[in-house]
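Structure first, then comments.
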Amino acid sequence: MNVLILHQMGDPRYRIEAVRSLEYMIPENRPDLSCIIHDADLPFPEYLKSIEFNLIVLGPTFLCNRYSPFNLKKVLKSYDFIKHSNACKIALPQDDYDCSSLLDDWMVEWKIDRIYTVCPENWNVLYPKASKNIQIKLGYTGYISDSWINLWQSPKLHQQREIDVSYRARKLPANFGSLGRLKWQIADLFLESVKDTSTLNLDISINPKDIISGDSWHSFIENSKFCLTTASGSSLLDPWNHIRHCVNSFLAKQPKATYQQIEEHCFSGLDKKYVFTAISPRNIEAALAETVQIATPGSYSGLMLPYEHFIPLEEDCSNIKEVLLMMNDSNLVNKIKKQCKESILSEPRLRQKYIVNEIISFAESEATRRNILIKEDKFQSVIKDKYEKEYKYKSDKYWRYKRSTKKILSVAIFFGAKRFYNLIIPFFLKNRGI
C-alpha cells in the first residue's frame, strides 16, 4: 500500500516528542507499508504526483495551515491533486474549534473520507457540512506507542525523583478563551499559593526559552514526582478566524490591554458558550511515567477522575492546603499513580497500533469498494527511492537556512531594526568594495 503522510512540524531540532510520535505513528507501527512522509515546509515534488497513493493522511500540523489565509491558499493550490485523488483520505485535526468552518470547507472540498476529531461533542457545530457525507470518529490528541510502554514499564521511583512539581506551558493568545488563559495562568497562581512552602523543589515555567523538546521531555516528566495540568482545549469557538484577527489587531493598537478588555472588544458574551476539552499528551505521558497529576477541573475524555486518577486543584488554587496534604499522603499518592496508569492503558483506542490498524483496515475496505487493486509497482518504488535520497539533503539545507535567518532576525531585534541596518549595511558595502 502506498501511503502519503503530510505534516508541518517545523524545525526538527525543536519538535515536541508527542507531536512527532503522532505524525509518524503509521510508518512506525506498520513498516510493511510504503510510506512517504513529507514536510510541507518544503515544496512537494511534481514527480511524486505520478504515484498512485492508496492512502493519504493529513496530519494535525499540516492542517494548521488553516490559521493563515495566505498559507491556506498556497496549500490548496500546491496540493490540489489530493482533491482529485482516488485514494482513501484521512484527516487528523487538532483544535477543531479553531477555524472550524475553514476546516469544514477544506474537508468537503478535498473529499476527505474520514475525520478523527479530538472534540467528541458538538460535531454538528464543528462540521455542519462535512458531517453530512464524511465519516467522523473520535480521536485523541496523542496515542500510546509501544516504545512509551517499554520506556515506562518500571519508571523511576518517586523518592529518587529530583523535582517535586513540574510544569511547562506557553502563553496562549486570548482567542482560546478563559480555558486557554488558565493553561498559562495556573503556573503563576500555583507559584504564588506555595511561595511560603520553601521545601518544595519546583520547576515551573511558561517562558518559551524553557520549552523542552525531544526525548528530554520524557526524562523531565519521569524526574517529577508531581506535575500541574489543566483541561486541554478552548472555551471559544472561532469558525472563521475572526476572533484571532480581532485579538491580534486590538493588541497591535493596545499592547498592554488586559484580558478583560480584549474579551469585551473581541468576543463579549461568547466565552464558554461552547467548551471543547480532551485528554492531552501530557496527561497520557504523566500517567505512564507514574507522575501524579495535580489537575484543574475537567472531563479529561472520561478517563481521569478526581481523587482516583489525579489530585484536584481549584482554578484559583484556593484548595492548596488540601492539595499539599494529599501530596504528603504516600498511600493516596501510590494509589492515584497506579489507578491513573491502569485507566490510560485500559483504553484500546489510545494505543497507536489500534488506531493505525483501524485506519489501514478502512483504507483497504475503501480500495475494495472502489475496485482499486493494491499491488507492488517497481516504477513507483524507484520514485520513492529518488525522493528519499533527495529529501534528506533538501531538508537539512532548508532548515540550516531557516536557522541562520532566525539568528539574523534575533540580532536585528536585539539591536533594533534601524541600528542593525546602520551596522550591517556599511559592512556589506565595504566587503563588496563599494
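Straight-line reach from Lys111: taking Cα to Cα under 28 Å and skipping same-chain neighbours fewer than 8 places apart, the lysines in range are Lys49, Lys73, Lys74, Lys77, Lys83, Lys89, Lys129, Lys132, Lys137, Lys353, Lys375, Lys384. Cβ distances below 4.7 Å define possible disulfide partners, and in the chain the cysteines left without one are Cys35, Cys64, Cys88, Cys99, Cys119, Cys227, Cys317, Cys340.
Using a cutoff of 8 angstrom between alpha carbon atoms and counting only pairs six or more residues apart, the relative contact order for the chain works out to 16 percent.
Going by how many other Cβ atoms sit within 10 Å of their own, how do Arg114, Arg403 line up, fewest first?
The fewest-first ordering by Cβ neighbours comes to Arg403, Arg114.
Footprinting exposure proxy ranking of Tyr274, Tyr167, fewest other C-beta atoms within 10 angstrom first, gives Tyr274, Tyr167. For region 119-275, relative contact order (Cα pairs under 8 Å, six or more residues apart, normalised by length) works out to 28 percent. Hull volume per residue, based on the alpha-carbon atoms of the chain and their convex hull, is 179 Å³.
Counting neighbouring Cβ atoms within 10 Å and putting the fewest first, the residues Asp98, Asp113 line up as Asp113, Asp98. Residues with beta-carbon under 12 Å from that of Val57, excluding Val57: net charge, scoring Lys, Arg +1 and Asp, Glu -1? Net local charge, Val57 excluded: +1.
Taking a straight Cα-Cα cut-off under 18 Å and skipping sequence neighbours fewer than 8 places away in the same chain, the aspartates and glutamates within cross-link reach of Lys397 are Asp11, Asp39, Asp41, Glu388.
Per-residue ellipticity at 222 nm, computed for the chain from helices alone with -39500 (n - 2.57) per DSSP H run of at least four residues, works out to -14000 deg cm²/dmol. If the elastic network links every pair of Cα atoms under 10 Å, which of Gly139, Gly233, Gly214 fluctuates the most in the Gaussian network model of the chain? In this elastic network of the chain, the residue with the biggest mean-square fluctuation among Gly139, Gly233, Gly214 is Gly214.
Both numbers refer to the Cα atoms of region 174-282; Rg and Dmax are 16.6, 48 Å. Start at zero, step by 5 Å, and the Cα-Cα distances of region 70-161 spread as 3, 12, 19, 18, 14, 10, 6, 7, 5, 4, 2, 0 percent across the bins.
GNM on the chain, alpha-carbon springs under 10 angstrom: the most fluctuating residue among Ile37, Ile413, Ile134 is Ile413. Taking the alpha-carbon centroid of each part, what is the distance from region 377-414 to region 326-358 in angstrom? With region 377-414 and region 326-358 each reduced to a Cα centre, they are spaced 38 Å. Gyration tensor analysis over the Cα atoms of region 1-140 returns equivalent ellipsoid semi-axes of 22, 17, 16 Å (largest first, whole Å).
Only the coordinates and a few stated rules stand behind these numbers; no lab work does. Fair warning: this is a prediction, and the values are worked out from it, not measured in the lab. Virtual Cβ from ideal backbone geometry, glycine too; neighbours counted across all protein chains shown.
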